[in-house]
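The values are calculated or read from the model by the stated rules, or taken from the named source; none is laboratory data. All values reported here derive from a predicted model rather than from experimental measurement. Cβ sites come from the backbone with ideal geometry, for glycine too, and all protein chains shown count toward neighbours.
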Amino acid sequence: MATTSERTGNDAALIRPQDGTRGFWTRLTGNPAYQRASDLLLSSDRRRFWLLAVPALIWMFGTHLGPILTMIRISFLDSYPPTAGRVPDVTLENYLLFFQAPNYITPFVRTFVYSTCYTLLTLSLMYPIAYFLAKKLRPSRQMLFLLLLLVPFWVGEIVRTYAIMILLGNRGFLNIVLMGLGLTSRPIPFMYTGFSLGMGLVYLTSLYMLLPLYASLEKIPRNYLEAAADLGAGSWTRFRRVTLPLSKDGIASGCVLVFLISTGYYATPVLLGGPSTTVFAETIAGFFHVAGDKWPEGAAFSTIMLLASLVTVGLFLRLLGRRRGSLLG
Amino acid sequence: MMRPSQIALTTFYWAFIVYLFLPLALMVVMGFKDSNFIGFPINAWTTRWYVQVFQDTAVLQAFGYTLLISIASTALSLVIGTWCAVFLGPARFWGRALVFAVMCLPAVIPGVISAISMRIFIRAIGLDPGTGAIILGLTIHNVPFVALMVLSRLGAIPRSQVEAARDLGADSLVAFLRVTLPFLFPSLLGASIFCMLLSFDDFVRAFFLGGYQPTLPVLIFAELRSGMSPAINAISTVVLVVTAALGLWAERGTRRLKGTRS
């Protein structure tokens, strides 16, 4: 291939000493202090390993795990932030509170029911699109068509939520069109309902479904389908027996991502939802906004939500018969 | 002659594209409406909302502040994410799968829980809400994405190049800086744009970790809750144009860089 020579040429450029920098590198490595540090830190595989490992592990366990562990610890305390001269007691009150009041359980159940429904809706919308991109288009056009889908997702959560408000409001585009067509005489209240929230969440999360689906569908070799056709399988059988099973990984990652992301939205339910669609994220946020000491309750509720999401995801992956822990791998 | 299934899929694709673009297009159009009321129909046109936005110091400050925070967290995420990837890529040790899972954790925790646990965490380590807290929160969220992007490119590096550099007398640091790092450049560029977009658009972390100075998404959110002024269309349109331009430019840039090797 013609690109082979280009590649070697390009690779060689990477290690060819460049004018002006040669002096710098020679001076750096010739410096006695650098040599001493290099002998100390880089002289064996084991030392290099620890040099890389220690900061990386401190960062990961400190900041990736630290906040979650701190949150769980606070959730068992009876007061936080600490007041001077008083040691907080360990208690289960914050967790019991959740089970005592229906106005906490309702948003909790609603969050999980909604997120599950929206995830399945997103899956059913995005599967045909991913299939179209991966299997029905020439490779040269796939990128262009994919890019077109990507562009709106570079815009943030708030701006896109607002755009949905303009679409669905009482004086919004949809209502004006419906009234103009004479389908309804007065505006339909789309906003502040499960419908508007669903529109918003699908709008915000569909990309996270599309990309894993596309990646798994694109990997399916064309000759598998040809072989199935040679053996007499019709198009529906080919889809059901070949394409669908082979895209299971994409379905699993897409659903898990969309589920976790949609349970985690706060601004979108606040802006698009109403009193009848209060989700658990709003309940939790309430504990951190009111004056006074409500952090332990909020921490306990967040812990419950985190556990419930992870259990749901675990059950879902078990259901699909997939190894756990390979979500992003 | 297209088959019916092909026609159905093509139609569905374009219908979905309309669903994605229509709300944003309506928002842009609404930004030129000459009325204090947001809604259709539009009878008169104006550019005064844009003039107003570019004269509004609160908006300009929020814009600059968000940009500053995004750049800072992107720079930190790149360094830390690359470091984690370079550590995890070749390393084989007991518990690697656990470390990998911990590295990916911030990417999959629901946003509101991540923000709230961060809020508690910064209180526990004695950091006040504000610029530092937002940058830390965004960096934690970005690191897994950078690390995963770098890891995937790291898997494709020709070992012979690194070995050649070592044979020519470069120690492992110099070999890393002069061979590995330039090879990683396309993925680093892609990751940095991705982090910029994630950070610039982020609402939930900026909302829970922020101090008195709002970021642009927090400012827009506050405006939306306190009764809407049509100026919001103009602000949102500016954000839309800036982010879409950044994204498109990055897409072109990374594709061209990757194109040189395949």
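For the reader, a short list of remarks on this structure follows.
- Residue in segment A:161-169 that is closer than 30 Å to B:ILE38 by Cα, more than 7 Å from chain B (Cβ to nearest Cβ), more than 21 Å from the chain's Cα centre (by Cα) and outside any helix (DSSP H, G or I) present: no
- Filter result for B:ALA244 (surrounded by fewer than 20 Cβ atoms within 10 Å (Cβ to Cβ), within 7 Å of another protein chain (Cβ to nearest Cβ), modelled with pLDDT of 80 or more and farther than 27 Å from A:ILE58 by Cβ): yes
- Residue in segment A:229-253 that is surrounded by the fewest Cβ atoms within 10 Å (Cβ to Cβ), counting only those that are small (Gly, Ala, Ser) and more than 16 Å from B:SER5 (Cβ to Cβ): A:GLY232
- Taken together, the residues in segment B:178-211 that are of a type in the set (Phe, Trp, Tyr), within 26 Å of A:PRO67 (Cα to Cα) and touching a residue at least 24 places away in the same chain (Cβ under 8 Å) amount to 4.
- In segment B:82-115, the qualifying residues are those that are assigned to a loop (DSSP other than H, G, I, E, B) and at negative phi, and the one that is modelled with the lowest pLDDT is B:ALA91.
- Helices (runs of 4 or more DSSP H) lying entirely in segment A:255-329 (those with 3 or more residues that are away from chain B (no Cβ under 11 Å) and at pLDDT below 90): A:295-319
Quick grid of which residues meet (1) surrounded by 23 or more Cβ atoms within 10 Å (Cβ to Cβ); (2) farther than 22 Å from A:TRP295 by Cα:
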| position | (1), (2) |
| --- | --- |
| B:ILE116 | yes, no |
| B:ILE134 | yes, no |
| B:VAL143 | yes, yes |
| B:LEU148 | no, yes |
| B:LEU154 | no, yes |
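- Within segment A:198-213, restricting attention to residues that are within 12 Å of chain B (Cβ to nearest Cβ) and over 11 Å from the mean Cα position of the chain (by Cα), the residue that is surrounded by the most Cβ atoms within 10 Å (Cβ to Cβ) is A:GLY200.
- Every pair of residues 6+ apart whose Cβ atoms lie under 8 Å, when the first sits in segment A:138-160 and is more than 7 Å from chain B (Cβ to nearest Cβ) while the second is of a type in the set (D, E, K, R): A:GLN142/A:GLU218; A:MET143/B:ARG255; A:LEU150/B:GLU251
- Residues (more than 39 Å from the chain's Cα centre (by Cα) and either at the interface with chain B (Cβ under 7 Å from one of its Cβ atoms) or of a type in the set (A, V, I, L, M, F, W, C) (or both)) located in segment A:26-57: A:LEU28, A:THR29, A:ALA33, A:ALA37, A:SER38, A:LEU40
- Checking A:MET60, A:MET71 one by one, the residue that is free of Cβ contacts under 8 Å to residues at least 24 places away in the same chain, closer than 25 Å to B:VAL143 by Cβ and facing chain B (nearest Cβ under 9 Å) is A:MET60 and no other.
- The set of residues in segment B:144-159 that are in a helix (DSSP H, G or I) and modelled with pLDDT under 80 contains only B:ARG159.
- A:SER309 being closer than 21 Å to B:PHE207 by Cβ, surrounded by 24 or more Cβ atoms within 10 Å (Cβ to Cβ) and within 18 Å of the chain's Cα centre (by Cα): no
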